[in-house]
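Here the structure is laid out as structure tokens; the discussion comes afterwards.
The values are calculated or read from the model by the stated rules, or taken from the named source; none is laboratory data. What you are looking at is a predicted structure, and each value in this text was computed from that prediction instead of being measured. Positions of Cβ are backbone-derived with ideal geometry, glycine not excepted, and every protein chain shown enters the neighbour counts.
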Amino acid sequence: MNAANPLPAMSEPVRTALRLLLIGSLLLAVFYILLPFLPSMLWSAFIVITAWPWLAWLQDRFRWKRAACALLLAVTLIGFVIGPLLAGIFTVAEHGETLFLDAKAAVEKIPDEPPAWVGELPLMGPRLAETWREAASGDASLRARLGPAVQASGRWLFRQVGAVGELFVQFLLVVVFTLVFYLNSETLDDLSRRLADRIGGDRALEARDQARQAIRAVALGVGLTALIQATLALIGLLIAGVPMAILIAFACFLLAIAQVGATLPLLIVAGWLYWSQGEAGWAAFMAIWGMIVVGGADNFIRPLLITRGMSMPMTLVFLGVIGGLLAYGLIGVFLGPTLVAIAYTLLLAWLAEPEAG
């Protein structure tokens, strides 16, 4: 019986290709497994990198244990979300009837005939004026046309409720991952250092440090600017005598963090002062204060704070923040400049190398 023919020896290029294929397949499978958790893990990494200097200071200054600092971080994160939610619930419960009556009074003040300039608007003017008259007279045909819109709005609201639930789950995951990352921060830092050193040596280590610097600079710029804007908004609201000024200022802070803009709540307040309270002067003051003082702070302070914390041109920082926001959403505010900083560092290191020969 003849022995089976032995398999031919595998050449080194084929063996290398198979290794790369297996490793790539494994990494791709792991990526898809972790993909649902990736946003939460990125947020947690950004939070730990940003908060690490202050938590390390607390740990050294007050001789706190790592678990105590981790608990403080978790309570701060939970309070940042649950606190405004409870404040909003209590505010609605306390002032709900007043808000409803104010809204009803504002609607009742709308005149039956639209102003002349409404009908003179290009393209849509006559149609808007006709709709205004139908709404003021309670025309049944208008109600019939609005029916599908109301149903669509209800479906949209139902979807948003589901989105809020998903957002809450993501927030809980952020808290969990943040605690895990912080409690194992030295191990993760050493792992990232060794990985960067293995991949690219000194150049990769420098890019790693630049990325960490970018995350902290952006977090400081965005967070401190939002706090300054909220403080300026609170001052304007108190000057105008607007009720629930602290809650509105906190809404300005959250919208500034979310890159929506702290000016929006103040413009809504200006509309409320004009239409509901008949205070044209205070409405103009609030609109000007929101657009020039509060909005101007964002345009001036944030770029200044971010560029002071990074050794990178302001233009690249601006492109990283805005481009990251457009490409990846809110998390792109941190991810964008981080990736740009890594690429910029590697480019400078490559250009600094002497040419061969």
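Of everything in the stretch 326-342 that is at pLDDT 85 or above and loosely packed, with under 15 Cβ neighbours inside 10 Å, the residue that is farthest from residue 256 (Cα to Cα) is 327. More than 17 Å from residue 50 (Cβ to Cβ), part of a helix (DSSP H, G or I) and either basic (Lys, Arg) or modelled with pLDDT of 65 or more (or both): is that true of residue 208 in this structure? No, not satisfied. Among the residues of this structure, residue 236 does not count as one that is closer than 19 Å to residue 287 by Cβ and modelled with pLDDT under 85. Looking across the stretch 217-238, the residues that are within 20 Å of residue 53 (Cβ to Cβ), crowded, with 19+ Cβ neighbours inside 10 Å and not hydrophobic (A, V, I, L, M, F, W, C) come down to 221, 225. Which one is farthest from the chain's Cα centre (by Cα), of the residues in the stretch 239-249 that are at pLDDT 85 or above and buried (at least 16 other Cβ atoms within 10 Å of the Cβ)? Among those that are at pLDDT 85 or above and buried (at least 16 other Cβ atoms within 10 Å of the Cβ), it is 240.
Within the stretch 196-215, the residues that satisfy the criterion of being surrounded by fewer than 17 Cβ atoms within 10 Å (Cβ to Cβ), on the phi < 0 side of the Ramachandran plot, over 29 Å from the mean Cα position of the chain (by Cα) and not β-branched (Val, Ile, Thr) are 197, 198, 200, 202.
Taking residue 304 as the residue in question, decide whether it is within 19 Å of the chain's Cα centre (by Cα) and closer than 18 Å to residue 259 by Cβ. Answer is no for this residue. Within the stretch 347-354, can one find any residue that is in contact (Cβ under 8 Å) with a residue 60 or more places away in the chain and crowded, with 16+ Cβ neighbours inside 10 Å? Yes, because at least one residue in the stretch 347-354 is in contact (Cβ under 8 Å) with a residue 60 or more places away in the chain and crowded, with 16+ Cβ neighbours inside 10 Å. Those helices (runs of 4 or more DSSP H) of the stretch 253-325 that lie entirely within it include none in which at least 2 residues are in contact (Cβ under 8 Å) with a residue 12 or more places away in the chain, in contact with a Lys or Arg (Cβ under 8 Å, 6 or more places away or on another chain) and buried (at least 18 other Cβ atoms within 10 Å of the Cβ).
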